[in-house]
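The values are calculated or read from the model by the stated rules, or taken from the named source; none is laboratory data. All values derive from a computational prediction rather than experimental measurement. Every residue, glycine as well, gets a Cβ built from its backbone with ideal geometry; the counts of neighbours run over all protein chains shown. Remember, those area values only see protein heavy atoms, side chains included, never the ligands or the DNA or RNA. Shrake-Rupley method; radii C 1.70, N 1.55, O 1.52, S 1.80 Å.
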Amino acid sequence: MTKQRNEQRPNVLGAAFAWLWLAVIILPIYYIFITSLRPREDYYAENPLAWPANPSLTAYQRVLENDFVLFFFNSVVVTTASVAVTLVVSIMAAYVVVRSRDGFGRNLFRVALLGIAIPIQAAIIPVYYLIVQLGLYDTLAALILPSIAFSIPLTLLILTNFLREIPESLFESMRMDGATEWRILLRLVVPLARPALATVGVYQALQVWNGFLFPLVLTQSASTRVIPLSLWSFQGQFGVDVPAVLAAVVLSVLPMLAAYILARRQLVSGLTAGFGK
Amino acid sequence: MAAPALILFGVFAIVPLFGVAALSFVHWDGLGAITWAGFDNWTAAANDPVSRGALWLTVKLTVLCVLFQAPVSLLLGVFLAGRQRYRSLLATLFFLPLLFSSAAVAITFTALLDPNFGAGSALDIAVLSQNWLGDPQLALYVVVFVIGWCFIPFHTLIYQAGTRQIPKELYEAARMDGAGAVQQFFLITLPMLKYTIVTSTTLMTVGSLTYFDLIFVLTGGGPGNATRVLPLDMYLTGFRSYDMGQASVLALVLVAVGLAVSLGLNRITGASRMDSRSEGS
């Protein structure tokens, strides 16, 4: 095999282009990082792409002094709650889709397929109306409930596809032993579906963590602000203090970077499965 | 057992979808009383030059995004599918933009493209020191580029996965017949990627209809209305001009176009194919 590969002529055009694109991708990320380390007073004096002459963490300090910890905590609560509930209700529904003998399961699956095509933007005005009517406006629950709803279709789709691979005989033997549906779900389905749950969980966490429209429309005060919205308001609040704004950007991406390092395969396969909705 | 998922999805996704249709026939400022409007909002939206401009801009943005992203993703994806030495490292780094929120990306590029303190001034090249986001002629192209920066990694992944599924034997046979690398690309890789190309391009198209947060933070629709695409027009009409009725009309236009494109994808590729693809990689 190795020999055959060597016989292939290297893809020079592709390689050149890949390295060029690498530069395009890395430059802004490098810029975020070095600027976040640049003292405020040096921002207007130094070359923006040069390593800071006096690197310091004062920009991070200014961000943390401006309630960033609270926004971070809000994001953690919203993301964890949304993903946890999404996974629980979706695995239950996926089990029904796979096990149902009548058309109900198939129809449920069709609705999920259609649901993937609904853009959040299109539903945002009625969602806002609903949230106001429910008295949830400007609470974290206002972000969690719609986030779950819009995560369900894709999660259901991926979990259903995964559960279809479980051999029928496993279900049958458990049923022979007199296991209830709930017991089969907890003892058989959930343990077997763990890789799919991890994949789709990491993917949905990324989506909720970075979501912007729900927080923009459904919350207002600083006490319910989540990170993406805080970046936007930092931009307005700090204005000319670009190092602080970019320090906030670095802090906002750290959890996702950690997830990427720890669960790269799950994230990548989740994204290709999710079609980058 | 399916009830919790159905209820949550029904209340916060399906009901709103019908709700937006209902709201398109009422006057509502977002707080006060809701009054019947008949077709007022529809005629108002159809005659609104800003909304008509937004629709045209959305089409233009979509075409530009596909023209920019599709060839770049295809080339990169095919390259990354190969067994080159730095391939896995490159693939790891290419993924990084997908970790950033749209708000973070928009803020970064706002600073990076600043005419006085951005990268252009660093390199001291006059062409690069333009007021990228302040010039109505340039802003849309900057938006297209930044969107590409965010989403090309994702489409590259799709192309990489698609290319890896092409049977190796096809290439061996082609080499035996004396086909060069370029011929192999056009005679094997490209035709075999047909479905991948359709899928990726459809996703780009549907995605382009809904870009909101990135453009909102990057330009706010400006300068003037130069980047005020449909989703942005909808948000500004509804939540800034407090005309929820007319905004609902715009939302429905979004849904209609999005569903039409998605169903087109299903028609061309077949829903079953979509299922099997989602297990892949």
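Among the residues of segment A:107-158, those that are open to solvent by less than 10 Å² (accessible area, probe 1.4 Å), modelled with pLDDT under 90 and small (Gly, Ala, Ser) comprise A:Ala112, A:Gly115, A:Ala122, A:Ala123.
With B:Gly264, B:Gly258 as the choices, which residue is touching a Pro at 6+ places or on another chain (Cβ under 6 Å), assigned to a helix (DSSP H, G or I) and at pLDDT below 80? On inspection, the qualifying residue turns out to be B:Gly258.
The number of residues in segment B:26-54 being touching an Asp or Glu at 6+ places or on another chain (Cβ under 8 Å), crowded, with 17+ Cβ neighbours inside 10 Å and aliphatic (A, V, I, L, M) comes to 1. Scan segment A:38-65 for residues that are open to solvent by 50 Å² or more (accessible area, probe 1.4 Å) and within 17 Å of A:Val250 (Cβ to Cβ) and the total you get is 8. Out of curiosity, is A:Thr180 open to solvent by 20 Å² or more (accessible area, probe 1.4 Å) and under 23 Å from the mean Cα position of the chain (by Cα)? Spelling it out, it is not the case that A:Thr180 is open to solvent by 20 Å² or more (accessible area, probe 1.4 Å) and under 23 Å from the mean Cα position of the chain (by Cα). Residues of segment A:159-170 that are surrounded by fewer than 18 Cβ atoms within 10 Å (Cβ to Cβ), in contact (Cβ under 8 Å) with a residue 24 or more places away in the chain and either hydrophobic (A, V, I, L, M, F, W, C) or touching a Gly at 6+ places or on another chain (Cβ under 6 Å) (or both): A:Ile166 alone.
Against the condition more than 30 Å from B:Val20 (Cβ to Cβ), more than 27 Å from the chain's Cα centre (by Cα) and of a type in the set (Lys, Arg), how does A:Arg106 come out, does it pass?
no
Considering the conditions (1) open to solvent by 30 Å² or more (accessible area, probe 1.4 Å); (2) in contact (Cβ under 8 Å) with a residue 40 or more places away in the chain, B:Leu76 is excluded by exactly one of them, (1).
So for segment A:94-106 (the condition being in contact with a Leu (Cβ under 9 Å, 6 or more places away or on another chain), on the phi > 0 side of the Ramachandran plot and open to solvent by 10 Å² or more (accessible area, probe 1.4 Å)), does at least one residue qualify? No: zero hits. When segment A:13-50 is filtered for residues that are within 23 Å of B:Phe154 (Cα to Cα), more than 8 Å from chain B (Cβ to nearest Cβ), among the small types (Gly, Ala, Ser) and under 30 Å from the mean Cα position of the chain (by Cα), only A:Ala23 remains. Being in a helix (DSSP H, G or I) and facing chain B (nearest Cβ under 9 Å) is a property that holds for A:Ser269. Scanning segment A:107-147 for residues that are assigned to a loop (DSSP other than H, G, I, E, B) and touching a Leu at 6+ places or on another chain (Cβ under 7 Å) yields A:Ala117, A:Ile118, A:Pro119, A:Tyr137. Residue check: B:Ile166 meets all listed conditions (1) free of Cβ contacts under 8 Å to residues at least 24 places away in the same chain; (2) more than 11 Å from chain A (Cβ to nearest Cβ) but one, namely (1). Selection over segment A:10-41 of residues that are in contact (Cβ under 8 Å) with a residue 60 or more places away in the chain and either in the same structural domain as A:Pro243 (by TED's automatic domain parsing) or of a type in the set (D, E, K, R) (or both) gives a count of 2. Filter segment B:202-226 for residues that are of a type in the set (Phe, Trp, Tyr) and outside any helix (DSSP H, G or I) and give the result. Passing the criteria: B:Tyr211, B:Phe212.
Taking segment B:75-109 as the range and being closer than 25 Å to A:Pro215 by Cβ and aliphatic (A, V, I, L, M) as the test, the residues that pass are B:Leu96, B:Leu98, B:Leu99, B:Ala103, B:Ala104, B:Val105, B:Ala106, B:Ile107. Annotation: of all residues in segment B:177-201 being more than 30 Å from B:Ser262 (Cβ to Cβ) and either at pLDDT 85 or above or not in a helix (DSSP H, G or I) (or both), the one that is most open to solvent (accessible area, probe 1.4 Å) is B:Asp177. Which members of segment A:215-232 meet the condition of being more than 10 Å from chain B (Cβ to nearest Cβ), part of a helix (DSSP H, G or I) and either modelled with pLDDT under 90 or open to solvent by less than 20 Å² (accessible area, probe 1.4 Å) (or both)? Selection gives A:Leu218, A:Ala222, A:Thr224. Output yes when any residue across segment B:82-102 is of a type in the set (D, E, K, R), modelled with pLDDT of 85 or more and open to solvent by 50 Å² or more (accessible area, probe 1.4 Å), and no when none is. The answer is no; no qualifying residue exists. For B:Asp275, the conditions (1) under 26 Å from B:Leu138 (Cβ atoms); (2) at pLDDT below 80; (3) charged (D, E, K, R) all hold with the exception of (1).
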